[in-house]
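Okay, structure first, notes after.
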Amino acid sequence: MRIAVVDVGTNSTRLYVADVQDGRIVAELDRRTTITRLGQGVDRTGELAPEAMDRVFATLADYRAAIDALGADA
C-alpha cells in the first residue's frame with residue numbers, strides 16, 4: 001500500500017509518501033518540509049494571517065500534485 005501523510009504545523013508543513021507492507025515502511029518515495037509560518041502573528045492577533053494561510057494552501061496544492069503523481073492509496 002502506498003500512503004501519504006501531511007502534517008501542518010505552526011511553522012512548517014510536511015509531506016511523507018511511502019510504500020508500506022505488513023505495517024512496515026518498505027520504500028520512502030518522498031519527504032518534504034516547507035517553512036510556511038502558519039502561526040505568523042497569531043500570538044499578537046489571535047487569528048491566522050491571510051498571507052500565512054495562502055502559503056499553506058499553495059504548499060498543500062504542490063503536495064497534492066506530488067501525492068497524485070505517486071499514486072498514493074491512502
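The values are calculated or read from the model by the stated rules, or taken from the named source; none is laboratory data. Remember, predicted model here, so these are calculated numbers, not experimental data. Positions of Cβ are backbone-derived with ideal geometry, glycine not excepted, and every protein chain shown enters the neighbour counts. Please note that ligands, DNA and RNA were not included when accessible areas were found on the heavy atoms of the full protein model with its side chains. Shrake-Rupley method; radii C 1.70, N 1.55, O 1.52, S 1.80 Å.
A few notes on this one:
- Residue within segment 44-57 that is in contact with a strand residue (DSSP E or B) (Cβ under 9 Å, 6 or more places away or on another chain) and of a type outside the set (Asp, Glu) present: yes
- No other residue among 54, 7 is without any contact (Cβ under 8 Å) to a residue 24 or more places away in the chain, of a type in the set (D, E, K, R) and in a strand (DSSP E or B) apart from 7.
- Looking at 28, 47, just one residue is in a strand (DSSP E or B), open to solvent by 90 Å² or more (accessible area, probe 1.4 Å), modelled with pLDDT of 95 or more and of a type outside the set (S, T, N, Q), and that residue is 28.
- Residue tally, condition at pLDDT below 95 and in a helix (DSSP H, G or I), over segment 57-74: 0
- Filtered by the rule that a residue be polar (S, T, N, Q) and open to solvent by 80 Å² or more (accessible area, probe 1.4 Å), segment 12-22 gives a lone residue, 21.
- Answer residue from segment 31-44, given it is in a strand (DSSP E or B) and β-branched (Val, Ile, Thr) and is surrounded by the fewest Cβ atoms within 10 Å (Cβ to Cβ) among those: 35
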